[in-house]
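For reference, the structure is listed below as structure tokens.
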Amino acid sequence: MRLILIGPPGVGKGTQSALLVQRKGLVTLSSGEIFRREIDAQTDLGRLANRFISQGQLVPNEVTIEMMAKRIGQLDVMKAGFVLDGFPRTIPQAEALDELLSDMGKPLDKVVSISADDEIIVARLSGRIGCTKCGEIYHARNKPPKREGLCDKCDGPLFVRQDDRAEAIRARLQIFHEQTSPVIDYYGEKGLLQLVDGRQDPETVFKVIVGEIGA
Ligand code: ADP
Ligand code: ADP
Ligand code: ZN
């Protein structure tokens, strides 16, 4: 199964891809997670990416495409299939991905578009908390950790992402509407799109996705 999860920031892509990994054994590649690991490791790529990410801007297409092509090209990822979370986010990225996968003879099976209104998105992003160690995602009100500041799963310290500040949230939403919405239409025209209502609770969203992809 080769799948894309697409949708506005904070709609629940990361939450759903974690469930697909934990319960269905799928392999996921999250562009945002990969960038954050590069930033933590203080690599050149991380330093470059952080200039954009901290402002809520997209990392330039060229840099993003090169990084994702490298990951997707890795054999173990291809064998098991994959779920892409957060990539592609622009038309040039979608076109580059098409070309890469068709060169590999491994076209996409489906694109799942999760949606919710801006109001819900802002509420979700402004309460998001993540684990620095295992990546588990919490929410201050919807899904609080049992002990403040500590991960339920691994005891790791929790953190609030720099780009979940109000200013960066506004920028990311605008970029979603301008640059990522056209990507959803692009896959619609290709007949690959499945629409999922992201306003529902995480378990319901998960059931709908599993039903759509037949996992
Ligand atoms: P994305 O990867 O799309 O940016 P996340 O999975 O990180 O989104 O979710 C953003 C925030 O919203 C997190 O705090 C998460 O716990 C919460 N969240 C995710 N899905 C739902 C849902 N269906 N209902 C309520 N809150 C959710
Ligand atoms: P969210 O789904 O909550 O918006 P992600 O974790 O997917 O966040 O991405 C965090 C940030 O990383 C984005 O706001 C952007 O700056 C950068 N990023 C992630 N994926 C891409 C991409 N495909 N193209 C450009 N920038 C990206
Ligand atoms: Zn953890």
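The values are calculated or read from the model by the stated rules, or taken from the named source; none is laboratory data. For clarity, every value in this text was computed on a predicted model and none was experimentally measured. Glycine also receives a Cβ, built like all others from the backbone with ideal geometry; neighbour counts cover every protein chain displayed. Only protein heavy atoms, including side chains, enter the accessible area calculation; ligands, DNA and RNA are left aside. Shrake-Rupley method; radii C 1.70, N 1.55, O 1.52, S 1.80 Å.
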Can you confirm whether Val183 is more than 16 Å from ligand 3 (Cβ to nearest atom), touching a helix residue (DSSP H, G or I) at 6+ places or on another chain (Cβ under 6 Å) and outside any helix (DSSP H, G or I)?
no
Single match in Arg141, Arg147, Arg161 (criterion: exposed (fewer than 13 other Cβ atoms within 10 Å of the Cβ) and under 20 Å from Gln16 (Cα atoms))
Arg141
Among all residue pairs at least 6 apart or on different chains, which show Cβ distances below 7 Å where the first residue, located in the stretch 89-116, is in contact (Cβ under 8 Å) with a residue 60 or more places away in the chain and the second is open to solvent by 50 Å² or more (accessible area, probe 1.4 Å) and within 16 Å of ligand 1 (Cβ to nearest atom)?
Arg89/Gln179; Thr90/Gln179; Val112/Glu212; Ser113/Leu195; Ser115/Leu195; Ser115/Asp197; Ala116/Arg199
So which residues in the stretch 153-162 are part of a loop (DSSP other than H, G, I, E, B) and out of contact with any strand residue (DSSP E or B) (no Cβ under 8 Å at 6 or more places or on another chain), if there are any at all?
Asp155
Taking interchain pairs and intrachain pairs at least six residues apart, which have beta carbon atoms under 6 angstrom, with the first residue in the stretch 137-166 and farther than 23 Å from Ile121 by Cα and the second among the β-branched types (Val, Ile, Thr) and within 15 Å of ligand 2 (Cβ to nearest atom)?
Gly156/Thr132; Pro157/Thr132
Residue that is farthest from ligand 3 (Cβ to nearest atom) [pool: residues in the stretch 117-131 that are in contact (Cβ under 8 Å) with a residue 60 or more places away in the chain and either under 25 Å from Gln22 (Cα atoms) or open to solvent by less than 30 Å² (accessible area, probe 1.4 Å) (or both)]
Ile121
Within the stretch 7-33, restricting attention to residues that are touching a Pro at 6+ places or on another chain (Cβ under 8 Å) and part of a helix (DSSP H, G or I), which residue is surrounded by the most Cβ atoms within 10 Å (Cβ to Cβ)?
Gln16
